Amino acid sequence: MKDAAEFGLNKTPAQLHPVMTQAMLEGCEEFPPHAEDMACDAFTLRKSYIQHSEQLGAVPLPSTLRGAVSTGVLAIQGNSPSVLIDKLGERMAFERSGIRLYDALITKCKSAQPVLDIETLEQFRNDEAEHFSLVRDCIASMGGDPTAQTPCADSAGMAAMGLMQVLNDPRSSIPQCVEAILMAELADFAAWELLIELADESGLSDYIDKFQQARMTENHHMHVMKKWLEQMTLNNQVEALG
Ligand SMILES: [Fe+2]
């Protein structure tokens with residue numbers, strides 16, 4: 001597997017085939033999409049689906065809140081306890097994706113030229129697993145079921161699928177994989193910041209310090225991935241940064 005981008009055969013540029021490109025453009029003019037098809041194309045179709053669709057599922061009510069609602073005393077403060085549950089579910093889903101992303105990169109590094117420090121990658125992978133467990137325990141402490149997929153968990157899982165495809169493609173290079181993980185780490189860091197604010201507002205005081213620690217760890221991951229990507233892109237080498 002090659003890591004550095006090199007010049008080589010690429011059949012995608014249209015300018016390689018000017019005659020065929022011209023013929024294609026003339027064909028488009030000669031046989032334009034039918035007016036009725038145009039009226040029923042992407043925008044109209046999507047608009048219809050958007051207007052008639054339901055939400056990405058619902059947030060399950062934790063057992064502690066079930067009791068709290070009936071007694072009129074909410075265990076969780078803040079305006080929307082459901083938002084907190086939803087975002088905790090999202091964090092758990094994304095941390096799970098983080099574990100899988102690092103697992104895929106570790107496999108790639110062990111299978112090809114080990115240009116990255118595998119011990120560092122394994123440490124980061126284990127950090128993601130710890131964060132997953134932390135959020136799972138937090139949800140459970142509130143009487144929630146950590147196995148429930150909340151709407152934001154669904155959305156976060158979908159968003160990570162593209163990154164996962166990059167990592168699992170046997171042809172993707174190490175720098176391309178690091179760039180995909182950097183996207184995940186940037187999102188992860190921002191999401192922890194938001195979750196800390198939400199947890200603070202909701203009175204989850206037992207977890208604020210642990211969440212802060214997770215945010216700092218994600219910040220470290222993000223900076224290492226950014227530095228590695230810079231080094232591989234600009235200097236074609238990686239220094240030990242673990
Ligand atoms: Fe991370």
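Between Lys226 and Glu193, the C-beta separation translates, for a Förster distance of 25 Å, into a calculated FRET efficiency of about 0.90. Each residue, Asn219 and Arg171, gets one label point 7 Å from its Cα in the Cβ direction; the gap between the two is 4.0 nm. Computed from the C-alpha gyration tensor, the three semi-axes of the ellipsoid equivalent to the chain are 40, 31, 13 Å, from longest to shortest. Considering only Thr44, Pro18, Trp228, the residue lying farthest towards the positive end of the dipole of the chain is Trp228, judged by Cα position with unit charges set on Cβ.
Computed extension length for Arg46-Asn235: 63.5 nm, one decimal, from 0.36 nm per residue of separation with the Cα-Cα distance subtracted. Per-residue accessible area (protein heavy atoms, 1.4 Å probe) orders Arg171, Arg215, Arg91 as Arg171, Arg215, Arg91, starting from the largest. Of the residues Leu16, Leu88, ranked by 1.4 Å probe accessible area with the largest first, the sequence reads Leu16, Leu88. Rolling a 1.4 Å probe over the protein heavy atoms of segment 106-228, with every protein chain left in place, gives an accessible area that is 51 percent carbon and sulfur.
Accessible surface for His220 stands near 80 Å², nearest 10, in the context of the full protein assembly shown (1.4 Å probe).
Distance between the modelled labels on Ala112 and Ser141, one decimal in nanometres: 4.1 nm (7 Å Cα→Cβ projection). With the simple model of a label 7 Å out from the Cα in the direction of the Cβ, Phe7 to Glu54 spans 5.8 nm.
Say we join alpha carbon atoms closer than 10 Å with springs in a Gaussian network model of the chain; which of Glu119, Glu179, Glu54 then has the biggest fluctuation? Answer for the Gaussian network model of the chain: Glu54.
At full extension, Leu61 and Ser80 could sit 5.7 nm farther apart than now, given 0.36 nm per residue minus the alpha carbon distance.
Within the full protein context, the accessible area of Lys210 is estimated at about 110 Å² for a probe radius of 1.4 Å.
Taken over the chain, lysine pairs spaced eight or more positions apart, or on distinct chains, with alpha carbons under 22 Å apart number 10.
Accessible area ranking (1.4 Å probe, heavy atoms, ligands and nucleic acids excluded), largest first, for Met20, Met161, Met142: Met20, Met161, Met142. The solvent-accessible area of Thr12, taken with every protein chain present and a 1.4 Å probe, is close to 120 Å².
Counting only protein heavy atoms and a 1.4 Å probe, segment 63-235 has 49 square angstrom of accessible area per residue.
The values are calculated or read from the model by the stated rules, or taken from the named source; none is laboratory data. As the structure is a prediction and not an experimental result, all values here were calculated from the model. Ideal geometry is used to build each Cβ from the backbone, glycine not excepted, and the neighbour counts take in all protein chains shown. Each accessible area value is taken on the protein alone, full model and side chains, heavy atoms only, with ligands, DNA and RNA left out. Shrake-Rupley method; radii C 1.70, N 1.55, O 1.52, S 1.80 Å.
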